[in-house]
2 protein chains.
Amino acid sequence: MLDKIKHIILVLSGKGGVGKSTVSTQLALTLAESGHKVGLLDIDLCGPSVPFLLGLEGHDVHQCEQGWVPVFSGADQRLAVMSIGFLLKNRDEAVIWRGPKKTAMIKQFLEDVAWDELDYLVIDTPPGTSDEHITVMECLKGVNADGAIIVTTPQEMALEDVRKEVTFCKKTGIAILGIVENMSGFVCPNCAECTKIFSSGGGVALAELAQVPHLGTLPIDPRVGALAGTGKACVTELPDCTTSLVLKSIAKSIGAE
Amino acid sequence: MLDKIKHIILVLSGKGGVGKSTVSTQLALTLAESGHKVGLLDIDLCGPSVPFLLGLEGHDVHQCEQGWVPVFSGADQRLAVMSIGFLLKNRDEAVIWRGPKKTAMIKQFLEDVAWDELDYLVIDTPPGTSDEHITVMECLKGVNADGAIIVTTPQEMALEDVRKEVTFCKKTGIAILGIVENMSGFVCPNCAECTKIFSSGGGVALAELAQVPHLGTLPIDPRVGALAGTGKACVTELPDCTTSLVLKSIAKSIGAE
């Protein structure tokens with residue numbers, strides 16, 4: 001079902017908690033806001049964040065003749081979303097699965113969702129380089145995936161894990177579209193002093209080292225954090241903030257106008 | 001080889017990037033500083049952080065008659081450490097393994113490390129509820145594990161994942177020792193204003209809801225962050241900071257004086 005999709009973008013990170021799902025959902029919303037038909041596939045089976053981030057919790061996935069019908073977001077229905085979160089009975093439920101079962105589920109997500117025609121499919125992945133990632137790479141071999149965006153935070157420990165992710169992309173033959181550095185400084189709302197809580201600049205240095213593009217640097221911005229759960233696009237709600245400018249620039253770099 | 005260990009403590013989190021490895025290493029250091037023989041086992045195969053956090057990168061694991069000899073930390077050699085990081089040739093190397101191979105490695109970690117006698121074994125896990133966790137739970141069935149400490153950050157998305165982790169513990173029959181809330185506010189070094197960047201209080205509320213103890217609330221403290229890579233114990237370097245007080249209180253709650 002992936003053959004009617006023009007662009008496939010993977011969003012990866014070595015470490016968890018770096019804001020990968022926030023970048024994935026806001027990038028998908030940015031692309032949808034600029035008039036494209038967009039799909040967002042969440043393959044994090046143990047900790048699916050996309051339904052919560054988009055305010056879609058409690059929505060159900062239905063079956064049609066062509067496969068699973070994704071959940072649509074926004075009044076204009078331009079963003080189609082699929083996540084295991086829609087298949088769980090309640091949000092406390094834990095998916096306690098070993099690899100083979102996870103692999104089967106991800107294959108279904110990639111083969112049995114009735115996305116129909118899409119300009120972009122953004123795939124949000126769990127942290128690491130395990131079953132989920134190997135399966136996605138294998139399933140994407142036949143189709144024309146654009147490549148991967150790697151999200152990281154600036155501290156050294158996170159960057160170590162990004163190096164592993166770069167190795168993974170090279171080994172599995174997926175192009176790296178670039179690195180996004182997230183949480184790169186906090187502007188105190190009281191005194192406007194910017195503190196590099198988790199250090200800074202590591203993403204830029206790493207992009208140079210790995211010879212891949214640096215797609216942008218996102219600050220810690222509680223206003224952007226507050227959009228979690230609303231399904232609202234940062235680029236429309238906070239059009240002038242740094243995050244929006246970086247999101248637009250990433251969208252441009254993957255061919256969206 | 002786990003039969004000569006008095007206490008086994010698992011450190012879990014639903015989401016990545018919540019500071020689980022920092023809590024694990026600092027808890028292990030706290031226990032060692034108070035005179036106990038401590039082991040720290042890092043079973044995060046894709047993103048092992050413990051060697052970096054303790055400043056032990058580049059150290060090798062050797063074989064002896066009894067099995068793998070762990071790497072010892074500190075002059076007094078009271079902290080024994082095992083991680084896949086010690087088995088990789090270089091730090092860019094990615095472990096691209098499906099579940100069964102990961103399961104085999106974790107079984108080896110649990111069965112073939114020559115810990116000798118230990119007062120405490122702290123097991124640092126990857127985020128989620130997958131192969132690594134199922135394997136650990138199965139291997140620990142025969143021995144007398146104390147239970148799990150769950151680390152979370154205060155924002156709602158992280159708490160969702162903690163609920164799954166609580167469900168996992170209940171399903172697999174491991175006791176929950178309590179919940180630690182991490183990154184619960186940032187004190188601006190310029191104006192001393194405390195901002196709840198990632199919201200706050202969620203860990204306390206969740207502990208009440210799940211009827212498990214709330215073990216403490218840790219702020220974002222760049223001084224503690226700066227200890228990463230040094231192998232130094234927070235309780236000796238910054239004895240009066242909130243993090244040290246919470247660490248001592250957690251150590252006390254698991255029977256250490």
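Annotations for the structure displayed:
- Every test in (1) farther than 27 Å from B:Trp97 by Cβ; (2) more than 7 Å from chain A (Cβ to nearest Cβ); (3) surrounded by fewer than 21 Cβ atoms within 10 Å (Cβ to Cβ); (4) not polar (S, T, N, Q) is passed by B:Arg163 save one, and that test is (2).
- Any hit, region A:25-32, residues being part of a loop (DSSP other than H, G, I, E, B) and either away from chain B (no Cβ under 12 Å) or on the phi < 0 side of the Ramachandran plot (or both): no
- Residues located in region B:110-158, provided they are at the interface with chain A (Cβ under 10 Å from one of its Cβ atoms), over 20 Å from B:Cys46 (Cα atoms) and touching a strand residue (DSSP E or B) at 6+ places or on another chain (Cβ under 8 Å): B:Thr153, B:Ala158
- For region B:166-187, the candidate set comprises residues that are in a loop (DSSP other than H, G, I, E, B) and in contact with a Ser or Thr (Cβ under 9 Å, 6 or more places away or on another chain); within that set, the residue that is nearest to B:Val246 (Cα to Cα) is B:Asn182.
- Selected residue (only one of B:Lys107, B:Lys141 is over 18 Å from B:Ala175 (Cα atoms) and either touching a Lys or Arg at 6+ places or on another chain (Cβ under 6 Å) or not hydroxyl-bearing (Ser, Thr, Tyr) (or both)): B:Lys107
- Which numbered condition B:Ala94 fails, given (1) out of contact with any Cys (no Cβ under 6 Å at 6 or more places or on another chain); (2) buried (at least 18 other Cβ atoms within 10 Å of the Cβ); (3) part of a helix (DSSP H, G or I): (3)
- Yes/no for B:Gly19 being closer than 20 Å to A:Ala158 by Cα, touching a residue at least 24 places away in the same chain (Cβ under 8 Å), surrounded by fewer than 20 Cβ atoms within 10 Å (Cβ to Cβ) and within 14 Å of another protein chain (Cβ to nearest Cβ): no
- Number of positions in region A:102-135 that are in a strand (DSSP E or B) and either at pLDDT below 90 or more than 20 Å from A:Leu247 (Cβ to Cβ) (or both): 1
- Selection within region B:69-91 - of a type in the set (Gly, Ala, Ser) and in contact with a strand residue (DSSP E or B) (Cβ under 9 Å, 6 or more places away or on another chain): B:Ser73, B:Ala80, B:Ser83, B:Gly85
- Those residues of region A:214-226 which are surrounded by 14 or more Cβ atoms within 10 Å (Cβ to Cβ) and not polar (S, T, N, Q), in sequence order: A:His214, A:Leu215, A:Gly216, A:Leu218, A:Pro219, A:Ile220, A:Asp221, A:Pro222, A:Val224, A:Gly225
- Subset of region A:164-194 [hydroxyl-bearing (Ser, Thr, Tyr) and modelled with pLDDT of 80 or more]: A:Thr167, A:Thr172
- Options B:Gly85, B:Gly99: the member that is buried (at least 23 other Cβ atoms within 10 Å of the Cβ), within 14 Å of chain A (Cβ to nearest Cβ), in contact (Cβ under 8 Å) with a residue 24 or more places away in the chain and closer than 30 Å to A:Met137 by Cβ: B:Gly85
- Options A:Gly39, A:Gly47; residue that is farther than 24 Å from A:Lys6 by Cβ and crowded, with 16+ Cβ neighbours inside 10 Å: A:Gly47
Each row is one residue, and each column tells you yes or no for (1) modelled with pLDDT under 90; (2) of a type in the set (Gly, Ala, Ser); (3) within 11 Å of the chain's Cα centre (by Cα).
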{"position": "A:Gln26", "(1), (2), (3)": "no, no, yes"}
{"position": "A:Glu33", "(1), (2), (3)": "no, no, no"}
{"position": "A:His36", "(1), (2), (3)": "no, no, no"}
{"position": "A:Asp42", "(1), (2), (3)": "no, no, yes"}
{"position": "A:Val61", "(1), (2), (3)": "no, no, no"}
{"position": "A:Gly67", "(1), (2), (3)": "no, yes, no"}
{"position": "A:Pro70", "(1), (2), (3)": "no, no, no"}
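- The conditions of being more than 13 Å from chain A (Cβ to nearest Cβ) and either crowded, with 19+ Cβ neighbours inside 10 Å or not in a strand (DSSP E or B) (or both) are not met by B:Gln63.
- The set of residues in region A:214-233 being small (Gly, Ala, Ser), in a loop (DSSP other than H, G, I, E, B) and away from chain B (no Cβ under 12 Å) consists of A:Gly231, A:Ala233.
- Count - residues of region B:136-163 that are modelled with pLDDT under 90 and under 20 Å from A:Gly85 (Cβ atoms): 10
- Unique residue being in contact (Cβ under 8 Å) with a residue 12 or more places away in the chain and more than 9 Å from every other protein chain (Cβ to nearest Cβ) when the list is B:Ala94, B:Ala104, B:Ala175: B:Ala175
Residue-wise test of (1) among the charged types (D, E, K, R); (2) touching a residue at least 12 places away in the same chain (Cβ under 8 Å); (3) assigned to a helix (DSSP H, G or I).
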{"site": "A:Met137", "(1), (2), (3)": "no, yes, yes"}
{"site": "A:Ala148", "(1), (2), (3)": "no, yes, no"}
{"site": "A:Ala158", "(1), (2), (3)": "no, yes, yes"}
{"site": "A:Asp161", "(1), (2), (3)": "yes, yes, yes"}
{"site": "A:Lys164", "(1), (2), (3)": "yes, yes, yes"}
{"site": "A:Pro189", "(1), (2), (3)": "no, yes, no"}
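- Of the residues screened, A:Ala207 is one that is more than 10 Å from chain B (Cβ to nearest Cβ) and outside any loop (DSSP other than H, G, I, E, B).
The values are calculated or read from the model by the stated rules, or taken from the named source; none is laboratory data. No experiment lies behind these values; they were computed from the predicted model shown. Because the Cβ atoms are built from the backbone with ideal geometry, glycine has one as well, and the counts that use them run over all protein chains shown.
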